[in-house]
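Student: First, the structure itself, so that you have it in front of you.
The values are calculated or read from the model by the stated rules, or taken from the named source; none is laboratory data. This is a predicted model, so every value here is computed, not measured. We place every Cβ from the backbone using ideal geometry, glycine too, and count neighbours over all the protein chains shown. In case anyone asks, the SASA skips ligands and DNA or RNA and just uses the protein heavy atoms, side chains included. Shrake-Rupley method; radii C 1.70, N 1.55, O 1.52, S 1.80 Å.
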Amino acid sequence: MNPNPRIRRLLPALLGGLLLGPGAAQAQTKLATGSQSPMPADEWLDADTGHRVRRLSPLDGSNQSFYFHNRPFVKGQDGDWMVYYHSDARGKQLRMLNLQTRQVQPLTRYFQKVGGEIVAPKRREVFYQTGDSVYATHVDSRRTRLVFVFPADFRANITTLNADETQLGGAWSSDAEKEISRQYPEKKDYFRRIYEARLPRTLFTVAAEGGQLTKLFTDTAWLNHVQFSPTDARLLMFCHEGPWELVDRIWTIDTKTKKVQLVHKRTMEREIAGHEWFAADGRTIWFDHQLPRGATFFVTGTDLKSGKERKYELTRDEWSVHYTSAPDAKTFAGDGGYPTSVAHSPNGQWIYLFRPEGDRFKAEKLVNLARHNYHLEPNVHYSPDGKWLIFRANFDGESQVYAVEIAKPAS
């Protein structure tokens with residue numbers, strides 16, 4: 001990265017001192033994670049697991065990494081960078097953090113509201129949305145361009161980018177649905193109301209160049225959780241949102257033929273499947289799977305060519321709000337859950353690593369999150385080198401971004 005002079009002037013105030021890469025200082029102090037707020041060091045060994053934990057973001061406001069299926073990384077000449085959100089009294093902006101040096105650079109100006117964050121590593125741009133306008137900022141030059149302005153009769157939000165980085169995607173909702181969300185801002189209040197209202201939703205794409213809007217598919221199901229395949233530029237995954245035990249949730253659509261296909265059909269009363277994501281090779285869609293809800297817990301994957309499924313069972317305590325898989329698919333990770341969540345686990349607040357063994361997961365606890373408030377979901381990501389799990393948490397007071405090393409340090 002070669003920031004312009006204005007950005008270079010900001011760097012001294014934004015630099016950190018610790019490394020995520022091989023040259024990092026070796027923390028030896030064991031501390032109970034979250035036992036002090038803020039923690040007395042940027043790096044420590046979790047007293048309950050022995051794994052090295054590092055705070056990546058500076059304590060300069062609220063900092064949050066991306067949602068679990070939005071990959072936030074881009075390569076630079078000086079190592080891997082991660083895009084993340086920063087908020088303070090001035091508003092909210094996207095920033096970039098060097099995972100080797102912990103150097104921070106602002107990527108965008110401050111906005112009152114900004115979302116729809118999507119990293120395009122081939123284009124070396126980051127797409128995002130404020131109000132009705134979609135922008136893209138180049139990570140090297142910081143040149144920002146207006147991609148698209150949603151018309152007044154089709155106000156929607158981008159959430160995904162296809163594999164060849166030519167099409168953005170998302171789902172439009174009606175004004176009636178937006179009014180339900182406005183009147184009932186808490187999920188516990190709007191969730192069933194929107195599901196039962198059976199209002200129209202429309203899947204769409206927007207060209208990354210030229211901004212052409214294409215409406216793909218409309219249904220009175222609550223279409224949501226829209227994700228493009230990481231390898232098939234025409235394959236778009238979406239869900240039927242609502243109480244998971246009442247919906248066949250996971251679907252795909254071919255953006256050229258408009259063919260819609262169900263990925264997993266429920267087989268029993270109150271079975272649930274959700275929080276779906278694509279494997280890195282695009283061949284499998286994985287999801288949280290409960291047979292039935294709150295009773296037995298699995299991570300299940302559907303092979304998109306054969307339709308065959310693989311299930312890995314885990315315990316109640318190991319259930320996680322979100323799971324993810326390593327790029328090589330040899331391990332999985334989860335961000336745990338809180339006692340009042342669907343699993344009602346008394347001891348589930350951990351960052352987990354899972355290794356498939358037969359038809360089960362063998363779990364390893366990496367970070368104790370007992371002092372983290374799960375109102376903020378941790379949303380784990382594997383680092384580009386596969387050696388760390390990156391997550392967000394609030395045990396330091398405001399939300400910050402952390403990494404935990406998968407391998408234990410030598411004693």
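Student: Across region 30-39, what is the number of residues that are open to solvent by less than 80 Å² (accessible area, probe 1.4 Å) and in contact with a strand residue (DSSP E or B) (Cβ under 9 Å, 6 or more places away or on another chain)?
Tutor: Going through region 30-39 one residue at a time, the tally reaches 6.
Student: If I ask for residues that are over 15 Å from G307 (Cα atoms) and without any contact (Cβ under 8 Å) to a residue 60 or more places away in the chain, which ones from region 255-266 would you list?
Tutor: So the first thing to find is which residues in region 255-266 are over 15 Å from G307 (Cα atoms), and the list is 255-259.
Listed by number, the residues that qualify are K256, T257, K258, K259.
Student: In region 153-172, which residues are open to solvent by 30 Å² or more (accessible area, probe 1.4 Å), under 25 Å from A221 (Cβ atoms) and more than 18 Å from the chain's Cα centre (by Cα)?
Tutor: Selection gives D153, R155, Q167, W172.
Student: Turning to a different aspect of this structure: Restricting to strands (runs of 3 or more DSSP E) lying wholly in region 322-403: which have 3 or more residues that are over 24 Å from A273 (Cβ atoms)?
Tutor: Counting at least 3 such residues, we get 360-368, 388-393.
Student: Just to be sure I understand, how many residues within region 46-66 are part of a strand (DSSP E or B) and among the hydroxyl-bearing types (S, T, Y)?
Tutor: Just the residues of region 46-66 that are part of a strand (DSSP E or B), to begin with: 46, 52-55, 62-64.
If we keep only those that are among the hydroxyl-bearing types (S, T, Y) too, we end up with 62.
Qualifying residue count for the region: 1.
Student: Scanning for something closer than 30 Å to M268 by Cβ and either at pLDDT below 95 or within 18 Å of the chain's Cα centre (by Cα) (or both), does region 390-406 turn up at least one residue?
Tutor: no
Student: Hey, can you tell me all the residues within region 325-376 that are aromatic (F, W, Y) and within 21 Å of E309 (Cβ to Cβ)?
Tutor: Of everything in region 325-376, those that are aromatic (F, W, Y) and within 21 Å of E309 (Cβ to Cβ) turn out to be F332, F354, F361.
Student: Which residues, counting only those in region 208-225, are of a type in the set (A, V, I, L, M, F, W, C) and either part of a loop (DSSP other than H, G, I, E, B) or buried (at least 21 other Cβ atoms within 10 Å of the Cβ) (or both)? Break it down into steps so the answer makes sense when it comes.
Tutor: Of the residues in region 208-225, the ones of a type in the set (A, V, I, L, M, F, W, C) are 208, 213, 216-217, 221-223.
Passing the criteria: A208, A221, W222, L223.
Student: Looking for something on the phi > 0 side of the Ramachandran plot and either open to solvent by less than 50 Å² (accessible area, probe 1.4 Å) or without any contact (Cβ under 8 Å) to a residue 40 or more places away in the chain (or both) - is there at least one such residue anywhere in region 178-200?
Tutor: From region 178-200, those on the phi > 0 side of the Ramachandran plot are 198; that's our starting set.
Now restrict to residues that are either open to solvent by less than 50 Å² (accessible area, probe 1.4 Å) or without any contact (Cβ under 8 Å) to a residue 40 or more places away in the chain (or both): 198.
Among the residues of region 178-200, at least one is on the phi > 0 side of the Ramachandran plot and either open to solvent by less than 50 Å² (accessible area, probe 1.4 Å) or without any contact (Cβ under 8 Å) to a residue 40 or more places away in the chain (or both), which makes the answer yes.
Student: Does any residue of region 58-67 turn out to be modelled with pLDDT of 95 or more, at positive phi and not aromatic (F, W, Y)?
Tutor: yes
Student: Moving on to the next point. What number of residues within region 234-281 are among the aromatic types (F, W, Y) and either outside any strand (DSSP E or B) or in contact with a Gly (Cβ under 6 Å, 6 or more places away or on another chain) (or both)?
Tutor: 1
Student: Which of the residues spanning region 29-45 are part of a strand (DSSP E or B) and either free of Cβ contacts under 8 Å to residues at least 12 places away in the same chain or aromatic (F, W, Y) (or both)?
Tutor: W44
Student: Can you tell me which residue in region 55-87 is farthest from T130 (Cα to Cα), limited to those that are among the charged types (D, E, K, R) and surrounded by 17 or more Cβ atoms within 10 Å (Cβ to Cβ)?
Tutor: Taking the candidates together, the pick is R55.
Student: Something else now. Limited to region 143-152, what total is found for residues that are outside any strand (DSSP E or B) and open to solvent by 30 Å² or more (accessible area, probe 1.4 Å)?
Tutor: 3
Student: Kindly evaluate V104 against the criterion of being more than 16 Å from the chain's Cα centre (by Cα), buried (at least 20 other Cβ atoms within 10 Å of the Cβ), on the phi < 0 side of the Ramachandran plot and among the β-branched types (V, I, T).
Tutor: So V104 passes the test.
Student: Please enumerate the residues belonging to region 313-330 that are open to solvent by 30 Å² or more (accessible area, probe 1.4 Å) and closer than 27 Å to P346 by Cβ. Explain how you work it out, then say what you get.
Tutor: Of all residues in region 313-330, those open to solvent by 30 Å² or more (accessible area, probe 1.4 Å) come to 313, 315-318, 327-330.
Matches in region 313-330: E313, T315, R316, D317, E318.
Student: What residue, among those in region 263-289 that are aliphatic (A, V, I, L, M) and in contact with a Lys or Arg (Cβ under 6 Å, 6 or more places away or on another chain), is surrounded by the most Cβ atoms within 10 Å (Cβ to Cβ)?
Tutor: Among them, the one singled out is A273.
Student: Next question, about the same structure. Can you tell me which residue among T231, T205 is part of a strand (DSSP E or B), of a type in the set (S, T, N, Q) and touching a residue at least 12 places away in the same chain (Cβ under 8 Å)?
Tutor: T205
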